[in-house]
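The values are calculated or read from the model by the stated rules, or taken from the named source; none is laboratory data. Here the structure is a predicted model, which is why all the values come from computation and not from measurement. So basically every Cβ, Gly included, is an ideal-geometry build from the backbone, and we count neighbours across all protein chains shown. For the accessible areas, the whole protein counts, side chains as well, though only heavy atoms, and no ligand, DNA or RNA atoms are used. Shrake-Rupley method; radii C 1.70, N 1.55, O 1.52, S 1.80 Å.
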Amino acid sequence: MTAEYKVIGDVAVITLTNPPVNGLGFATRIGITDGLAKANSDQAIKSIVLTGAGKAFSGGADIKEFGTPKALQEPNLLSVILSLEASAKPIVAAMHSVCMGGGLELALGCHYRIAAPGTSVALPEVKLGLIPGAGGTQRLPRVLGVETALNMIVSGEAVKSEVLASLPGQKLFDKLASSPESLMDEAVEFARSVAGKTGDALPLVRNLPCKHPQSDAYFQFAKNMVAGMSKNYPAPLKCVEAVQAATTMKFDAGMVEERRVFTALMFTPESLALRHLFVAERAASKIPDVADDTPQRTIKSVGVIGAGTMGGGISMNFLNAGVPVKILEMKQDALDRGIATIKKNYESQVKKGKLKQDKYDQRMAMLTTTLSYDDLKDCDLIIEAVFEELGVKEAVFKELDRVAKPGAILASNTSTLDVDKIAAFTKRPQDVVGMHFFSPANVMKLLEVVRGKATAKDVLATVMGVAKKIKKTAVVSGVCDGFIGNRMIEQYSRQAGFLIDEGATPQQVDKAVEKFGFAMGPFRMGDLAGNDIGWAIRKRRATERADMKYSRTADKLCELGRFGQKTGAGWYDYQAGKRDAIPSKIVLDMIDQHRKDEGITPRKISDEEIVQRLVYSLVNEGAHILEDGIASKSGDIDMVYLTGYGFPIFRGGPMHYASQVGLFNVSESMKRFAKNPRDDANFWQPAPLIQKLVAEGKSFS
Ligand code: NAI
């Protein structure tokens, strides 16, 4: 049981004790109903306080139980709330810290509520593609008014208790405690003040009226607004409908309606994807063989080598988090240029009102520069972001090995080079790790943490902690060419090339995957990142991996000097100063000519085939990555694609998506693609892991 029962004089106190956030799993629910029964049968008890231990009143439903029979097992949350309402003795919810989702619904079932200042109050179910399912949509409007409640339910955002308490006419809180420390004393005192009330004298939220003065017009307006803002996501609109039901139906009928909608949403692909993301995000920070309590090294100062595109962005992450940074370059003018770029970035934030001037000043004051390695001797973490050449990395890491203090972590931002080779340039390979940021490094959420064969566990634990501090989503990758993300994207790009050869246009390919939900199709993406990057990789591949088949179209594009936006022309034309991709006659003619040269008769390719070949290429390579142990779980691969490559969130990442489509279907499509003579038959053999899962009737999850 994960709830505690104790008696303070004539008041029973039921305390949820299910860390970290007192999730309302089965054992906790039993704890509440048992405590309630005990208090109600004890003559000496006159009233009851319900609260949570530790860092939360309650963070809500136990997400691990979602969609499982456990969530419905009696007493389920709805029954628990009904038993609170039915208690013959008054119940006071003592809310503090975090009171969200099912936790707030629980409090709304109590007769009275007292909150500590600073309590975060929210119904965040919409973020999981759901609506609140235990009365939240019916009770919250009754205590906060329709508009405030609807805003909270549709956005899922938390509002502080003191803000809610100051709203005129609010009935959410009977009292705001004077401080978090005095909450329990005040709650017990409040409970005593209502002792003896029973039956109809006990107030219930369900009995309050729920009306809006211009109901029809308001809800029409709300639906229009929400529909416009939430395409691809059904839940927000359902939130509006459920709150509307609270204003048009009797309470019990509204509850039935809420449950009906909640249950239907539970099985939508969008909710499944969002819940997968929620779980995968938390799981990504856990490394199978590195214990949660592995001691972390202290990181109080950071050195960055190279003030270029990546070095500047990386530095900003640490400055934003209040960690001093020292940047090293070879020449003063490179330093000056780098610092000027950082300043420009911050200044544009100040101009847009996103950053206060004093914060900007503080950040710049934490930034220092040097031309001498000796100045890095006190840094706890040093991140290298110099040119992508092994020889240059060698020189840098030898210098770092010479000057860095013992225990300092030496990280490389390399995107393609072998981290084990880099580690071997030092006499301390255990302290070397890859920290692969994505461009722009101050914006992109993803950080691939590349684990070398010698990387120490406490180094990994520390880097994962650092990632959290600088608000990145860190995913651990083993050492291989391209790590997780770029190794997969190479297959995706290859498919994009074949599709063009076979008859699609860049516009058609981009449109098809953008309709699927990608932020940007492969050709617009190439134009943004620079087509010369892929060109360089393909040239390298020609010697390293002669077995790998490529379309030659992209090379021809580069031979025309069309590197993308930076040269004003790529797969598309661009007007000066604008980013709109304009279909290019030159490119279409070039593609035509290329097909003639290769003897290809173009065919009509469906959008469905485009999406399947691009997405399943990610899936097949992702499966190989799992087989090779480069990623430890399929959710990690999904996190890489959701946070670093613009994969549509509502589809949950390539591996989750494939599991939803069904691996049997996916593998049958792969076998079909293997028969296409213009494609790569070897690549399209379903990965052994996929074959095994299909044979066992399983999915990646
Ligand atoms: P960049 O060319 O913009 O910057 C490199 C900087 O390093 C230059 O300012 C240069 O003066 C400096 N530098 C070169 N040799 C040096 C040395 N021996 N000592 C000190 N400074 C030196 O390059 P960028 O794009 O910032 O890339 C840096 C690293 O980050 C590369 O390893 C690259 O593969 C990786 N990377 C790049 C991404 C991108 O999108 N640009 C994304 C992820 C990783």
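The single condition among (1) outside any helix (DSSP H, G or I); (2) touching a residue at least 60 places away in the same chain (Cβ under 8 Å); (3) more than 26 Å from VAL290 (Cα to Cα) that GLU388 does not meet is (2).
Among the residues of region 313-331, is there at least one that is assigned to a helix (DSSP H, G or I), near the ligand (Cβ under 9 Å from one of its atoms) and modelled with pLDDT of 95 or more? So far as region 313-331 goes, yes, one or more of its residues are assigned to a helix (DSSP H, G or I), near the ligand (Cβ under 9 Å from one of its atoms) and modelled with pLDDT of 95 or more. Within region 398-418, the set of residues being within 10 Å of the ligand (Cβ to nearest atom) and out of contact with any Gly (no Cβ under 7 Å at 6 or more places or on another chain) comprises GLU399, ASN413, SER415, LEU417.
I'd like the residue in region 470-485 that is part of a loop (DSSP other than H, G, I, E, B) and small (Gly, Ala, Ser) and, out of all such residues, is farthest from TYR645 (Cα to Cα).
Of all residues in region 470-485, those part of a loop (DSSP other than H, G, I, E, B) come to 470-472, 478-482.
Still in the list and also small (Gly, Ala, Ser): 478, 482.
Numbers: GLY478: 19, GLY482: 14 Å.
Among those residues, the one meeting the criterion is GLY478.
For region 612-645, what are the residues that are touching a Lys or Arg at 6+ places or on another chain (Cβ under 8 Å) and of a type outside the set (Ser, Thr, Tyr)? Break it down into steps so the answer makes sense when it comes.
The first filter runs over region 612-645 and keeps only residues touching a Lys or Arg at 6+ places or on another chain (Cβ under 8 Å), leaving 617, 621, 625-626, 630, 643-644.
Result: GLU621, ILE625, LEU626, ILE630, GLY644.
Selection within region 436-449: residues that are in a loop (DSSP other than H, G, I, E, B), near the ligand (Cβ under 10 Å from one of its atoms) and within 23 Å of ILE287 (Cβ to Cβ). The member of this set that is least open to solvent (accessible area, probe 1.4 Å) is ALA441. Take the conditions (1) at positive phi; (2) open to solvent by less than 30 Å² (accessible area, probe 1.4 Å); LEU319 misses just one of them, which is (1). Quick check: is even one residue across region 450-458 within 16 Å of the ligand (Cβ to nearest atom) and under 27 Å from ALA284 (Cβ atoms)? Within region 450-458 (the criterion being within 16 Å of the ligand (Cβ to nearest atom) and under 27 Å from ALA284 (Cβ atoms)), the answer is yes, since at least one residue qualifies.
Cβ-Cβ below 7 Å, separation at least six or inter-chain, first residue in region 127-143 and open to solvent by 10 Å² or more (accessible area, probe 1.4 Å), second at pLDDT 95 or above: which pairs? Once the first residue is open to solvent by 10 Å² or more (accessible area, probe 1.4 Å) and sits in region 127-143, its partners that are at pLDDT 95 or above give LYS127/GLY156; LYS127/LEU274; LEU128/SER271; LEU128/LEU274; ARG142/VAL205; ARG142/LEU208; ARG142/CYS210. Within region 292-339, being small (Gly, Ala, Ser) and within 16 Å of ALA365 (Cα to Cα) holds for SER301, GLY303, GLY312, SER315, ALA321, GLY322, GLY338.
Pull up region 555-582, narrow it to residues that are outside any strand (DSSP E or B), open to solvent by less than 60 Å² (accessible area, probe 1.4 Å) and of a type in the set (A, V, I, L, M), then point me to the one that is nearest to ARG541 (Cα to Cα). Filtering first and then ranking leaves LEU557. Within region 1-36, being closer than 14 Å to SER83 by Cα and either part of a loop (DSSP other than H, G, I, E, B) or open to solvent by 60 Å² or more (accessible area, probe 1.4 Å) (or both) holds for one residue alone: ASP34. When LYS344, LYS377, LYS421 are checked against the criterion of being under 27 Å from ILE630 (Cα atoms), away from the ligand (no atom under 11 Å from the Cβ) and open to solvent by 70 Å² or more (accessible area, probe 1.4 Å), a single residue qualifies: LYS421. Quick check, is PRO324 more than 30 Å from GLN214 (Cα to Cα), assigned by TED's automatic domain parsing to the domain that holds LYS471 and in contact with a Ser or Thr (Cβ under 7 Å, 6 or more places away or on another chain)? Against the criterion (more than 30 Å from GLN214 (Cα to Cα), assigned by TED's automatic domain parsing to the domain that holds LYS471 and in contact with a Ser or Thr (Cβ under 7 Å, 6 or more places away or on another chain)), PRO324 qualifies. Would you say ASP589 is farther than 26 Å from LYS472 by Cβ and either modelled with pLDDT of 95 or more or open to solvent by 70 Å² or more (accessible area, probe 1.4 Å) (or both)? Considered against the rule, which asks whether it is farther than 26 Å from LYS472 by Cβ and either modelled with pLDDT of 95 or more or open to solvent by 70 Å² or more (accessible area, probe 1.4 Å) (or both), ASP589 comes out as yes.
Residues checked against (1) within 16 Å of VAL146 (Cα to Cα); (2) in contact with a Pro (Cβ under 7 Å, 6 or more places away or on another chain); (3) open to solvent by 70 Å² or more (accessible area, probe 1.4 Å); (4) touching a residue at least 40 places away in the same chain (Cβ under 8 Å):
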{"site": "VAL194", "(1), (2), (3), (4)": "no, yes, no, yes"}
{"site": "LEU204", "(1), (2), (3), (4)": "no, no, no, yes"}
{"site": "GLU257", "(1), (2), (3), (4)": "no, no, no, no"}
{"site": "LEU272", "(1), (2), (3), (4)": "no, no, no, yes"}
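Reported count of residues in region 287-312, each being more than 15 Å from the ligand (Cβ to nearest atom) and not acidic (Asp, Glu), is 13. Could you grab me the full set of residues in region 518-567 that are among the hydroxyl-bearing types (Ser, Thr, Tyr) and free of Cβ contacts under 8 Å to residues at least 12 places away in the same chain? Across region 518-567, the qualifying residues are THR543, THR567. Is it the case, given these coordinates, that SER193 is in contact with a helix residue (DSSP H, G or I) (Cβ under 7 Å, 6 or more places away or on another chain) and of a type in the set (Gly, Ala, Ser)? Considered against the rule, which asks whether it is in contact with a helix residue (DSSP H, G or I) (Cβ under 7 Å, 6 or more places away or on another chain) and of a type in the set (Gly, Ala, Ser), SER193 comes out as no.
Can you tell me which condition SER699 does not meet? The list is (1) surrounded by 15 or more Cβ atoms within 10 Å (Cβ to Cβ); (2) out of contact with any Ser or Thr (no Cβ under 6 Å at 6 or more places or on another chain); (3) in a loop (DSSP other than H, G, I, E, B), and all the others hold. It is condition (2) that SER699 fails. Scanning region 144-183 for residues that are in contact with a His (Cβ under 9 Å, 6 or more places away or on another chain) and over 22 Å from PRO132 (Cβ atoms) yields ALA177, PRO180, LEU183. Let me spell it out: the conditions are (1) within 14 Å of the ligand (Cβ to nearest atom); (2) of a type in the set (A, V, I, L, M, F, W, C); (3) open to solvent by 40 Å² or more (accessible area, probe 1.4 Å), and ILE339 meets all of them except one. Which number is the exception? Of the numbered conditions (1) within 14 Å of the ligand (Cβ to nearest atom); (2) of a type in the set (A, V, I, L, M, F, W, C); (3) open to solvent by 40 Å² or more (accessible area, probe 1.4 Å), the odd one out for ILE339 is (3). Looking only at region 214-247, filter to residues that are open to solvent by 50 Å² or more (accessible area, probe 1.4 Å) and assigned to a loop (DSSP other than H, G, I, E, B); which one of those is modelled with the lowest pLDDT? Top of the filtered list is LYS231.
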